[in-house]
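Inspection log for the structure reproduced underneath, given as structure tokens.
The values are calculated or read from the model by the stated rules, or taken from the named source; none is laboratory data. Predicted model, so just to flag it, every value in this text is computed and none were measured. Neighbour counts are summed over all protein chains in view; Cβ atoms, including those assigned to glycine, are modelled from backbone coordinates with ideal geometry.
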Amino acid sequence: MPLTRDQVQHIATLARLKLADAELDDVVDKLSRIVDFVDQLQAARTDDVLPMAHPLNMSQRLRADEVTEPNERDRIQKNASRVEDGYYLVPRVIE
Amino acid sequence: MVQGTDALYTWSLTDLARGLKDGEFSSRELTESLLRRIDDHQQRLNAFITVTADAALQRADAADKARANGDESLLNGLPIVYKDLFCTKGVLTTCGSRILGNFVSPYDATVVERISAAGAVMLGKTNMDEFAMGSSNETSYYGPVTNPWNKKLSPGGSSGGSAAAVAARIVPAATGTDTGGSIRQPAALTGTVGLKPTYGRVSRFGMVAFASSLDQAGVITRSAEDAALLLGVMAGYDKKDSTSVDHPVPDYVAGLSKPVKGLKIGIVRQHFDEGLAAGCEERVKAALAVLKEEGATLIEVDLPNIDLSVPTYYVVAPAECSSNLSRFDGVRFGHRADNPENLLDLYCRTRSEGFGAEVQRRIMTGTYVLSAGYYDAYYLKAQKVRQLISQDFKKAFENVDVIAGPTAPTTAFAIGEKIDDPITMYLNDIYTIGANLAGLPGISVPCGFADGLPVGLQLVGPHFAEETILACAHQYQQLTDWHAQGPEEFS
Amino acid sequence: MNDNWEVVIGLEIHTQLATKSKIFSGASTAYGAEANTQACLIDLGYPGVLPVLNGEVVRMAVKFGLAVNATVAKRSVFARKNYFYPDLPKGYQISQYELPIVENGELTIRDEDGREKRIGITRAHLEEDAGKSVHEGFGQATGIDLNRAGTPLLEIVSEPDLRSAKQAITYMRKIHSIVRYLGICDGNMQEGSFRCDANVSVRPRGQEKLGTRTEIKNLNSFRFIEKAINFEIERQIEVLEGGGDVVLETRLYDSDKDETRAMRSKEEANDYRYFPDPDLLPVELDEDFIEYVRKSLPELPDAKLGRFVEQYKLKPADAEILTLSRALADYFEEVAENTEAAVQVAANWVIGELAAALNSEGIEISDSKIEAAALAGLLNRIADNTISGKIAKEIFDAMWSGEGGADDIIEAKGLKQITDASAIEKIVDAVIEANPGQVAEYRGGKDKLLGFFVGRVMQESGGKANPGQVNEILKKKLSDG
């Protein structure tokens, strides 16, 4: 079943992507084809099957509670475009 | 000037190691020679995004000095290039994307640390499909890579740059990453060896995440022996990666001599259908015959759910990547949209400007399959089918030691031929994806030519059976010389 | 409160776990550092980094689960909660969704009528905290500080069993006490270590179906929480009685105006697309580990209160005050154990003088200027009659100011009580002689004047005469005449 323009627009918003009007139809078309393709999965019988989250059946290792990371703010913040007084800046948010 | 340094580019990593040790040439000479070669062919291949010439020469000099002082590090002075998905400290790391076009990584990936600690000299970062999403190296922001065998053809992807550089005899070895076949498929299409280890065998720390439960670091070389050498350096537990396995690392090189006689090789019924090009089928069958001749037993195995592996992958991988790529928002690093009107505009424009079409498509697919109302039908379902596929492999491995078959359904295809239809492109990974879903190790080795283009034979083993598949590949390479044949243009 | 309506409240309490490093990275969690000096590459969500779980966090969560009689999950899973906000660097928060580490706990509170009431704890799960946004001082921009990003949180979710703001506060105080007792959270609300979101709804009394709720977020003082909840209850009743509908939304409390205000519609923030985090593996705990943690549990507030009443024969009200914090209870016991004075005396001094001194300086028991052993020493001097209770208060103040131990001060200021009968008799004689009028009145039947004489004698003796003896001798001498 093909996706609608609204659905695709909603997905794009959730993913913080901006779709140009000109490309919207093409995106709807391609995504619909992909969803159609993966719909093949519905045919599989999976009633008593557990979902796999990891290929190997391992459990989480625990780390000791120690401070191991020093302050490297200045070096790291060289990568940011907008920084002031050590803060990362974004357009003003009103809560 | 040592005679013959110009031909060093044809040598294997193993032979170069011996040559350096025996003093036949210096690391400096070797490095200079390869840097020249990179330069000579960059326009033709576009295999590199960054070349680190100055640093490489410094490293080479340091390696020569160290060797003179008795340093016997395994890769001392040997050249290496990293797929641009690996974080390299102080060096541009783009992941083939515009969104990281200005990103100089502040740290080294564990893989980079280990290879570096073993003495290797980094020559540069190779081109790749954007964020490893692609099977043709056409989605890179930095332009497509061309196949050394024919410049109109794709080298495969996403590790296209690494495969092209090795196939064109520019470097003997390159690292790659494999999530759905991104090492093995380009290896097959370029006539090189591509190894994807067991999930958790090699650390993912510093390897920019695409699909976390599928990604694995590996190598592209021209021989199984070289792959074994590098794997030994890369593999092993890393406490910085929770999915890294604490499993002992054997001497992969020593294990290569294990004979093929008595090896039980599984042939998957479902693999040899109309989706496989005739020329490829012929070459693969011939390769199997060679192994049989050498004493292996061929046994038919059934992987009943294997046909669902591509749809399964295209639910799981996009889901994970849609989340992994949320961190790219222009705030702390990377591309940032100019003059955003508000926060929403900052996010949307940064990401739409920074990500290419395929990446955006996968993010949206992933967002969709995780979204309210669809999670059960898609993501949860896919993870269950994944369990079924894993169980199929497990069952098959009760009767065989390795599963062998074609790596890719066709030989190299034309650039531009498949890029417009996502599904057609996705089907390139039809034989490789299963190993990623089940976390199994896989290797592709050259097994001949169809219409003048390379064909790859894939060997897949059970978890941590790298020794088995490497040995089989190595023995095959003792009996054939496909892997030694390179493209005329680059000889 | 309106009898036609029943109030239904559920609380989500976020406690910052008191670890040294963050839940998934080795950066420090210390409060008050300069912006972004405690945010490492993992906290910043850099490309390629991976989370590794801090074991202490698991131990603390299990401790909490055991303390509230909950089920500790032998297998729990971390999940990604996906949404975009600048204080959330990865664009997702690592939390727990379907399989939290603790489930089905409970605790008992006393409601307004003094009756015991069971409050269910649906679950407690681990997650990472987000950073902080600073909206003032950056012009048209907001400044983001990610020091707090990655700090471990234990989110404790109650069943909607609370029926009033008072009950909510009581429950919250109890959780506050427990987490401090366990040493898993410092409970510092000003610093944000202990935060609460309240889900409030009303329904017509007798109706089973729950009304639409609103969520009041990020409340960080007990007083404000009570006011906020009460305002919201009134507001909702007003809306419903006016024929309107309560909107499902998130609201913030404005303490200046004492009102709640809509923040954003809860709908919009909704599709979190939870899925198990593929970078982390399931946390698997065995019985041995859980037992090991159980053995390390301290005596909890309720048990300690009961023991104090029984062992020390204290009034429940006193025991309650003394067990408010583990540190205070330990202090009291140390005093009680090290003094010959009656336990009640020890209790009185801790609840009285000591508490007043701590409060006047706004400090905690752990920063007390008088150690337990020293206070015990002071009480011993009352018990052995070296000083009177009144003088002891003076000495207490001197000790608090750092003038030394009880004995040093008694010596230095010559505050030893006068217990020598002949010395007292001398003073008594002098006072009797100096006040013949009052003596006559007393002998004439004005018994109350005894106090006057006692006062005089105490004054003459510089307050040091033993009051008991003074009384005795005065009575004798006055009646002898």
* Evaluate the following for B:Ala450: is it out of contact with any Gly (no Cβ under 9 Å at 6 or more places or on another chain), in contact (Cβ under 8 Å) with a residue 40 or more places away in the chain and away from chain A (no Cβ under 14 Å)? => no
* To do: Could you run through the stretch B:37-85 and say how many residues are in a loop (DSSP other than H, G, I, E, B) and among the acidic types (Asp, Glu)?
  => 3
* Please enumerate the residues belonging to the stretch B:314-362 that are under 30 Å from A:Arg45 (Cα atoms) and in contact with an Asp or Glu (Cβ under 7 Å, 6 or more places away or on another chain). => none
* To do: Only helices (runs of 4 or more DSSP H) wholly contained in the stretch C:305-388 count here; list those with 2 or more residues that are polar (S, T, N, Q).
  => C:343-349, C:355-361
* Could you please let me know if A:Leu89 is buried (at least 18 other Cβ atoms within 10 Å of the Cβ), more than 30 Å from B:Arg386 (Cβ to Cβ), at the interface with chain B (Cβ under 9 Å from one of its Cβ atoms) and within 27 Å of the chain's Cα centre (by Cα)? => yes
* Quickly run through the stretch B:292-351 and pick out the residues that are at the interface with another protein chain (Cβ under 9 Å from one of its Cβ atoms), in contact (Cβ under 8 Å) with a residue 60 or more places away in the chain, among the polar types (S, T, N, Q) and in a helix (DSSP H, G or I). => B:Thr312, B:Asn324, B:Thr350
* To do: Restrict the check to the stretch C:84-106 and report whether at least one residue is over 14 Å from C:Gln167 (Cβ atoms), surrounded by fewer than 21 Cβ atoms within 10 Å (Cβ to Cβ) and of a type in the set (Val, Ile, Thr).
  => yes
* To do: Answer yes or no: is there a residue in the stretch B:214-231 that is over 11 Å from B:Gly176 (Cβ atoms), more than 14 Å from chain C (Cβ to nearest Cβ), part of a strand (DSSP E or B) and modelled with pLDDT of 95 or more.
  => no
* Which residues, counting only those in the stretch C:13-32, are more than 8 Å from chain A (Cβ to nearest Cβ), among the hydrophobic types (A, V, I, L, M, F, W, C) and in contact (Cβ under 8 Å) with a residue 40 or more places away in the chain? -> C:Ile13, C:Leu17, C:Ala18, C:Ile23, C:Phe24
* Residues (surrounded by fewer than 17 Cβ atoms within 10 Å (Cβ to Cβ) and either in contact with a Ser or Thr (Cβ under 9 Å, 6 or more places away or on another chain) or not aliphatic (A, V, I, L, M) (or both)) located in the stretch C:223-248 -> C:Arg223, C:Glu234, C:Glu238, C:Glu241, C:Gly242, C:Gly243, C:Gly244, C:Asp245, C:Val247, C:Leu248
* Considering only residues of the stretch C:35-62 that are assigned to a helix (DSSP H, G or I) and small (Gly, Ala, Ser), which is nearest to the other protein chains (Cβ to nearest Cβ)? -> C:Gly55
* Any idea which of C:Lys81, C:Lys74, C:Lys117 is under 30 Å from A:Tyr87 (Cβ atoms), in the same structural domain as C:Ala165 (by TED's automatic domain parsing) and of a type in the set (Lys, Arg)? -> C:Lys81
* Tabulated pairs, the stretch C:445-474, first closer than 16 Å to C:Ile382 by Cβ, second loosely packed, with under 15 Cβ neighbours inside 10 Å and not aliphatic (A, V, I, L, M), C-beta under 6 angstrom, 6+ apart or interchain -> C:Asn466/C:Thr419
* Flag for B:Val145 being closer than 17 Å to B:Leu123 by Cα and assigned to a loop (DSSP other than H, G, I, E, B) -> no
* Would you mind finding the one in B:Gly134, B:Gly96, B:Gly101, B:Gly176 that is touching a residue at least 40 places away in the same chain (Cβ under 8 Å), assigned to a strand (DSSP E or B) and under 25 Å from C:Tyr46 (Cα atoms)? => B:Gly176
* To do: Go through the stretch A:21-39 and give me each residue that's loosely packed, with under 13 Cβ neighbours inside 10 Å and of a type in the set (A, V, I, L, M).
  => A:Ala22
* Residue among B:Met128, B:Met122 that alone is part of a loop (DSSP other than H, G, I, E, B) and of a type in the set (A, V, I, L, M) -> B:Met128
* To do: Among the candidates A:Ala64, A:Ala15, single out the residue that is among the hydrophobic types (A, V, I, L, M, F, W, C) and either more than 7 Å from every other protein chain (Cβ to nearest Cβ) or surrounded by 17 or more Cβ atoms within 10 Å (Cβ to Cβ) (or both).
  => A:Ala15
* Asked: If we scan the stretch C:27-34, do we find a residue that is surrounded by 20 or more Cβ atoms within 10 Å (Cβ to Cβ), touching a strand residue (DSSP E or B) at 6+ places or on another chain (Cβ under 6 Å) and not in a helix (DSSP H, G or I)?
  -> no
* Give the stretch B:83-134 a look and list any residue that's touching a strand residue (DSSP E or B) at 6+ places or on another chain (Cβ under 8 Å), buried (at least 24 other Cβ atoms within 10 Å of the Cβ) and among the aromatic types (Phe, Trp, Tyr), or say none. => B:Phe86
* Asked: In the stretch A:29-39, which residue that is more than 18 Å from B:Phe355 (Cβ to Cβ) and among the aliphatic types (A, V, I, L, M) is nearest to the other protein chains (Cβ to nearest Cβ)?
  -> A:Val38
* Structure fact -> Quick count over the stretch A:1-50, residues being part of a loop (DSSP other than H, G, I, E, B) and among the aliphatic types (A, V, I, L, M), is 9
* Complete set of residues in the stretch A:67-84 that are in a loop (DSSP other than H, G, I, E, B) and either of a type in the set (A, V, I, L, M, F, W, C) or at the interface with chain C (Cβ under 7 Å from one of its Cβ atoms) (or both) -> A:Val67, A:Thr68, A:Glu69, A:Asn71, A:Ala80
* To do: Report yes if some residue within the stretch A:81-91 is of a type in the set (Lys, Arg), in contact with a strand residue (DSSP E or B) (Cβ under 9 Å, 6 or more places away or on another chain) and more than 30 Å from C:Gly139 (Cβ to Cβ); otherwise report no.
  => no
* Structure fact -> Looking across the stretch C:149-167 at residues that are surrounded by fewer than 24 Cβ atoms within 10 Å (Cβ to Cβ) and of a type in the set (S, T, N, Q), the single one that is nearest to the chain's Cα centre (by Cα) is C:Gln167
* Would you mind stating whether B:Thr14 is within 25 Å of B:Gln216 (Cβ to Cβ), in contact with a Cys (Cβ under 6 Å, 6 or more places away or on another chain) and touching a residue at least 24 places away in the same chain (Cβ under 8 Å)? => no
* **Qualifying positions in the stretch C:240-253 - closer than 15 Å to C:Cys196 by Cα and not basic (Lys, Arg)** => C:Thr250, C:Leu252, C:Tyr253
